[in-house]
Amino acid sequence: KWITGTSSSVPTYSFEASSYHTNHGQLGTYCRVGDDSNPINVLYDLLVGKLGKLGLSSSLIDMASFQAAQYTLHTESHGYSRCIDDPSDADDHVMDVLKQIDGALRENPTTGLIEIKLVRPDFDPATIPHITRNNCKAIQSFAMGGWTNLNNSLRVVFTDRNRNYQDNSVTAENQANASSIGQDLKNPLI
C-alpha cells in the first residue's frame with residue numbers, strides 16, 4: 001500500500017516529453033520547426049534508429065534527397081509532433097509521417113539508396129504524358145467521370161495536442177460542387 005503524507009494513494013502526474021532528433025547532424029541544421037521536430041528528422045530516426053525502430057544502415061539513405069526535403073518542410077513551417085502511446089510497428093509510424101508531409105519513399109533502382117520525394121506542385125505540366133487515339137494501341141476499362149462522382153466534402157481526423165492528444169476533426173465542403181451536382185440531378189441533360 002502506498003502512503004503519501006496523510007493520503008493513502010499515489011498522486012497523479014502528467015507531463016509532456018519532447019525529442020527533437022538533433023543527433024542526426026548530417027541531415028543539416030533544420031532539425032526543429034518551432035516547438036516541433038522536422039518530420040524528416042523523425043523519419044530518418046525511424047529508419048536508422050535501433051531500439052524499437054527499423055535499424056537500417058545510414059549508408060542506405062540518399063542524404064541529398066532527405067536534406068532537400070528537410071529544407072522544404074522547414075521553409076513551409078511544417079513540423080511534426082506526435083504522442084506514441086500504442087504498440088504499433090515502426091513502418092506504421094513511417095507511413096504516418098509520410099502521410100502528414102505528402103511524401104513517398106522509394107529505393108532508387110540505380111543507386112540502391114532510399115530516397116524521399118515530397119509531393120508538391122513542382123513539375124512541368126507539359127511533361128505529363130497525354131494519351132490519345134494516335135499514340136495508344138488500345139484503352140481498356142475506361143469510363144468518363146461526371147459531377148456526381150466528385151466528393152463534396154472532406155473530413156480530416158487528427159491528434160490534437162491542445163485537446164490532450166485526443167482526436168479532433170475538421171470538415172471542408174465545396175458548396176459550388178454541391179450546387180452543380182444538384183443541377184445535374186434535376187436536369188441530367190445540362
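The values are calculated or read from the model by the stated rules, or taken from the named source; none is laboratory data. Quick caveat, the model's predicted, so the values are computed rather than measured. Heads up, the Cβs are rebuilt from the backbone with ideal geometry, glycines too, and the neighbour counts pull from every protein chain shown. Only protein heavy atoms, including side chains, enter the accessible area calculation; ligands, DNA and RNA are left aside. Shrake-Rupley method; radii C 1.70, N 1.55, O 1.52, S 1.80 Å.
Residues of the range 89-131 that are within 24 Å of Ser77 (Cα to Cα) and among the small types (Gly, Ala, Ser): Gly103, Ala104. For Asn168, the criteria (1) within 28 Å of the chain's Cα centre (by Cα); (2) modelled with pLDDT under 80; (3) surrounded by 10 or more Cβ atoms within 10 Å (Cβ to Cβ) hold in every case but one, which is (2).
Got at least one residue in the range 120-135 being within 20 Å of Val156 (Cβ to Cβ) and surrounded by 15 or more Cβ atoms within 10 Å (Cβ to Cβ)? No, the range 120-135 contains no residue that is within 20 Å of Val156 (Cβ to Cβ) and surrounded by 15 or more Cβ atoms within 10 Å (Cβ to Cβ). Within the range 11-37, being in contact with a Gly (Cβ under 7 Å, 6 or more places away or on another chain) and either at pLDDT below 80 or open to solvent by less than 20 Å² (accessible area, probe 1.4 Å) (or both) holds for Val33, Gly34, Ser37. Across the range 67-124, what is the total count of residues that are among the acidic types (Asp, Glu) and assigned to a loop (DSSP other than H, G, I, E, B)? Of the residues in that region, 7 qualify.
Among the numbered conditions (1) modelled with pLDDT under 80; (2) surrounded by 11 or more Cβ atoms within 10 Å (Cβ to Cβ), the only one that Ile114 does not meet is (1). What about Val119, is it under 30 Å from Arg32 (Cα atoms) and touching a Leu at 6+ places or on another chain (Cβ under 7 Å)? No: the conditions fail for Val119. Could you check, for the range 74-83, whether at least one of its residues is among the aromatic types (Phe, Trp, Tyr), in contact with a Ser or Thr (Cβ under 8 Å, 6 or more places away or on another chain) and open to solvent by less than 40 Å² (accessible area, probe 1.4 Å)? Looking for residues that are among the aromatic types (Phe, Trp, Tyr), in contact with a Ser or Thr (Cβ under 8 Å, 6 or more places away or on another chain) and open to solvent by less than 40 Å² (accessible area, probe 1.4 Å), one finds at least one in the range 74-83, hence yes.
Is it the case that some residue within the range 39-59 is open to solvent by less than 70 Å² (accessible area, probe 1.4 Å), out of contact with any strand residue (DSSP E or B) (no Cβ under 6 Å at 6 or more places or on another chain) and among the charged types (D, E, K, R)? Among the residues of the range 39-59, at least one is open to solvent by less than 70 Å² (accessible area, probe 1.4 Å), out of contact with any strand residue (DSSP E or B) (no Cβ under 6 Å at 6 or more places or on another chain) and among the charged types (D, E, K, R), which makes the answer yes. Taking the criterion of being of a type in the set (S, T, N, Q), at negative phi and outside any helix (DSSP H, G or I), the residues of the range 125-166 that qualify are Thr132, Asn134, Asn135, Gln140, Asn151, Asn152, Ser153, Thr159, Gln166.
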